[in-house]
Amino acid sequence: MTFTEYTWLIPLIPIIGLLLAAAFGKKTPEGGGYFVVGAVAVACFVSLMVAYEFFTGDGSPVYDTTIWIDLGTINGTQYQFEMGYYVDYLTALLLIVVSILCTLIVIYSLGYMHEEGERKRRYYVEIALFITGMLGMVVASNYLTAFVFWEIMGLCSYLLIGFWYYKPSAAKAAKKAFLTTRIGDISFMLGIIALFGAFGTLNYHELFNPEFIESFEVNYGLLLFAMLCFFGAAVGKSAQFPLHDWLPDAMEGPTTVSALIHAATMVKAGVYLVARSFPLMVDTPEVMIVIAVVGGFTAFFAATQALNNFNIKRVLAYSTISQLGFMFLALGCGGYIIATAGTDEHLLEVGNAGYMAGVFHLMNHAFFKALLFLSAGAVIHAVHTEDMRKMGGLSKKLKITSLVMLIGALAIAGIPPFSGFWSKDLILESTIAAAEVNSWFWILYIAATVTAFMTAFYMFRLWFMTFKGEESEAAHHAHEAPAVMWAPLVVLAIAACITGLFLLGPDGGLPAVIYTVSPEGNAIPGETLGLGWIEKLFTAWPTYVSLAMATFGIGIAYLAYYKKTLSLDFFAKGSNRKVYDVLQRRYYFPEFYDFVGEKGMYGLARLVDFIDRKVVDGVVNAIANVAVGTSGRFRKAQTGFTQTYAAVIVAAVSVILVLLYLFAEVR
Amino acid sequence: MIPQEYFLALGAILFAIGAFGALTRKNAIVVLMCIEIMLNAANINFVTFAVFSGGAAGQVFALFSIAIAAAEVAIGLAILLNLQKLQDTIELQDLNLLRW
């Protein structure tokens, strides 16, 4: 356990890179980028060693905490907050994914941001801070420190999306991302407060310990509220409906930032939060239904918007939202099954498969989405436009890029043996399992299957529009990206091919990576699925349904955008165009937000302004006016004639004397 | 021996005359004189009580009071002199600068 003891260093190492880049960035090449690359690589090494030690260990969570804030005991509750690290299966898995991806993305940045000049130093400093946020969130030992790192990520997303802040659209997108995720942040804070109110602690190792929980008289309402708030936080951070609209706009940042936000960090933090809180959430079936429904709906809803978008990055952005929806769908379905299973061991196992599917998809998606984004970055780097209509025929010029992007597209579309297939199939399987418990879940299954079709379609539409067809004007000057950019792409492409096969690991494999919940509520390592699962998989009908859907989607895209024998103009003409327009306008969500902002928030602000100016100030002014008015009357008494004053004094003294004579015993 | 009440009555009458004058007369010098009358009414009371209760304290106070009255008149006359110089009048009904 040599490295595990230093887990707390992992988030701090990028900070060293940050400081070096900030101090010497002006004088060193690439704006100090090499410092950050080095620091992130070291952090990656430590992360991998920690993960290795954990997987070769006995599987029980390793943690160490130290007191951070001690407010003493107030009304019988000990207000003591700790900081430290907590490593379990989920942490170890996330450490591997996040640290590898961050390293590759930062290396890629060396090539992609090469032409940025002076601003590079700021870029590397901010990106190092961002990586600190995600790694810190992953290794944090309690919700409060996790929240701190969560907020760091929120700040960095604002800074990085608005990296080209002189562009009004980028500045606007940054503000939108920050404000929208802020709603989730507030929800997270409320959840933390409620959880502390319910249990008096925020430490994972206590909260996830069934004996500790059972020793409490749990207030179910409070727990439900806390869990709903946590999911609300995930909705904000992971861009789920109805807080999804910031994510497509976040494409205004550099592509590397998009890759970082969408693949490795930020949006994954929301999924991680739900997966992390899973042992608590499985006690609340209502929350699980909410998660499954929101996830399933978002998956479908976002995929529709990707269908006719022409911006290469925005298509990927919508697919990110959609895939995150898949993860939540899996987590929600699995959790719902566990929540309703009682002590039925078979159902518990099925539920765990749902949880595993969600986390597995998180990992697979991280790799292939990073691959897709970075490939898109290479394309943009080559043709200097994001509009797919101006691309086309790039496959001859960008051989490596087109190949790796094809792998990414196959992975996300769900074609075996690429990674996306395995996890997506597990997700659909767990949806069916949930539907067998509660038949309403069939709706979610159908939505997910249709989404799988749409995913395959829009991904191959993207690929064919970009790389095939007539060679566009932009393609003439295009040239392959430098090695510092395509090397990470190749690594990611290999990962996209093989991460799915982790399921089949000889002993252990991925299922052992994921903890499961025993009937007593204990967190224990799961059983390996093994080769038997493959056999089961390919003899079950849902596999073929989703495969058919994916092939069908690819086929339509092939006919419409490569062979051009199938015309999809039908949807963009006449009265059919309404649907098309609704999708193009993103279901009028930006307008809706503007409406809420203008009518709702501005109206509220005006009401507050009215109350402040008229009511609060009014009361103060009224009191002052009464004082002025009365004194205006009474000051006439001040005549300035000495003798009037003297007369008043004499009269008053006389009256006092008479009263004293009459009532007091002074005689 | 003249009874104590007579002295006290004299003091009260003098005080009333002084107060009436101070409140009604228009000339500031006359008002100042009226104030002197009131002070002397108080002195009569001091002395009366001193004699009838047998102590010397009252008489000493009366002497103090006379000294203070002298000082006060000096200040009062100085003010009136300045008033005459600046405002050309010492009629009290014309002096109402200290009003609203």
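What follows draws every value from the coordinates through simple rules; no lab data is involved. Everything numeric in this text was worked out from a predicted model, so none of it was measured. Note that each Cβ is placed from the backbone with ideal geometry, even for glycine, and that neighbours are counted across all protein chains shown.
For segment B:13-62, what class follows from the C-alpha gyration tensor (a ≥ b ≥ c being the square roots of its eigenvalues): rounded when a/c is under 1.5, otherwise prolate if a/b is larger than b/c, else oblate?
prolate
Note down the nm distance, to one decimal, between modelled labels 7 Å out along Cα→Cβ at A:E286 and at A:L222.
Each label point lies 7 Å from its Cα, and together they span 1.6 nm.
Apply the Karplus curve 6.51 cos²θ - 1.76 cosθ + 1.60, θ = phi - 60°, to the phi angles in segment B:3-12 and return the couplings in whole Hz, x for Gly and Pro.
Ordered by residue, 3J(HN,Hα) equals x, 4, 4, 5, 5, 5, 5, 4, x, 4 Hz.
Let me know the charge dipole size of segment A:591-663 about its Cα centre in debye, to the nearest 20, where only the beta-carbon of Lys, Arg (+1) and Asp, Glu (-1) is charged.
Here the size comes out at about 600 debye.
Order of A:V450, B:V60 from fewest to most other C-beta atoms within 10 Å?
Neighbour counts put them in this order, fewest first: B:V60, A:V450.
Which pairs break 18 Å Cα to Cα here: A:K399/A:K468; A:K120/A:K176; A:K176/A:K237; A:K397/A:K468; A:K313/A:K424; A:K636/B:K85?
Checking Cα-Cα distances, A:K120/A:K176; A:K313/A:K424; A:K636/B:K85 exceed 18 Å.
Please arrange B:V47, A:V359 by counting, for each residue, the other beta carbons lying within 10 Å of its beta carbon, fewest first.
Least to most surrounded, the residues fall as B:V47, A:V359.
For the pair B:L77 and B:F20, what calculated FRET efficiency results from E = 1/(1 + (r/R0)^6), where r is the Cβ-Cβ distance and R0 = 22 Å, to the nearest 0.05?
Calculated transfer efficiency: 0.50.
Only four residue types carry charge here, +1 at the Cβ of Lys and Arg and -1 at the Cβ of Asp and Glu. Report the dipole size of segment B:4-93 about the Cα centre in Debye, rounded to the nearest 20.
Dipole magnitude for segment B:4-93 comes out near 80 debye.
Could you give the length gained on full extension between A:H476 and A:A627, defined as 0.36 nm per residue of separation minus the Cα-Cα distance, in nm?
46.1 nm is the gain from fully extending A:H476 to A:A627.
Specify which residue in the list A:L394, A:A664, A:L428 is farthest towards the positive end of the charge dipole of chain A, using unit charges on the beta carbon of Lys, Arg (+1) and Asp, Glu (-1), about the Cα centre.
The listed residue farthest towards the positive side: A:L394.
Pulled fully out, how much extra length does the chain show between A:I494 and A:V582, if you take 0.36 nm times their separation in residues and subtract their Cα-Cα distance?
Full extension of this stretch gives 27.9 nm more.
Suppose R0 equals 25 Å; then what is the FRET efficiency for A:V545 and A:K390 from their Cβ-Cβ distance, rounded to the nearest 0.05?
0.10
Arrange the following residues from fewest to most other Cβ atoms within 10 Å of their Cβ: A:V608, A:V97.
A:V608, A:V97
At A:E349 and B:Q93, where each label point lies 7 Å from the Cα along Cα→Cβ, what is the point-to-point distance in nanometres?
11.8 nm
Quick one: compute the contact order of segment A:282-435, relative version, from alpha carbon pairs under 8 angstrom and 6+ residues apart, as a percent.
26 percent
Return the distance in nm (one decimal) between the two label points of a simple spin-label model at A:A171 and A:T73, each offset 7 Å from Cα along Cα→Cβ.
Each label point is offset 7 Å from its Cα along the Cβ direction, giving 5.5 nm.
Using modelled amide H (1.01 Å from N, peptide plane; none on Pro or chain starts), what sits under 5 Å from the amide H of A:W68, excluding residues fewer than 5 places away?
Sorted by chain and number, the residues that satisfy this are A:F81, A:E82, A:M83.
Using the Cα centre of segment A:417-473 as the reference point, and only Cβ charges (+1 on K/R, -1 on D/E), how large is the resulting charge dipole? Debye, rounded to the nearest 20.
Using Cβ point charges on Lys, Arg, Asp and Glu, segment A:417-473 gives about 100 debye.
How high is the relative contact order of chain A, in percent, counting Cα pairs under 8 Å that sit 6 or more residues apart?
About 11 percent, as a whole number.
Along each of the three principal axes of the Cα atoms of chain A, give the extent in whole Å, ordering the values from largest to smallest.
Taking max minus min along each principal axis of the Cα atoms, chain A gives 118, 62, 59 Å.
Over the alpha-carbon set of segment B:4-93, work out the extent along each principal axis and list the three values in angstrom, largest first.
Its Cα atoms span 50, 23, 9 Å along the three principal axes.
Quantify how strongly other chains surround peptide A:262-268 by giving the mean number of their Cβ atoms within 10 Å of each of its Cβ atoms.
0
So if we plug the beta-carbon distance of A:L19 and A:W442 into 1/(1 + (r/R0)^6) with R0 = 51 Å, what FRET efficiency do we get, rounded to 0.05?
Taking R0 as 51 Å, the efficiency between A:L19 and A:W442 is 0.40.
Report the paramagnetic label zone for A:A647: residues of segment B:81-96 whose backbone N is under 14 Å from a point 7 Å from Cα along the Cα-to-Cβ axis.
Of the residues in segment B:81-96, B:92-94 have backbone N under 14 Å from the label point off A:A647.
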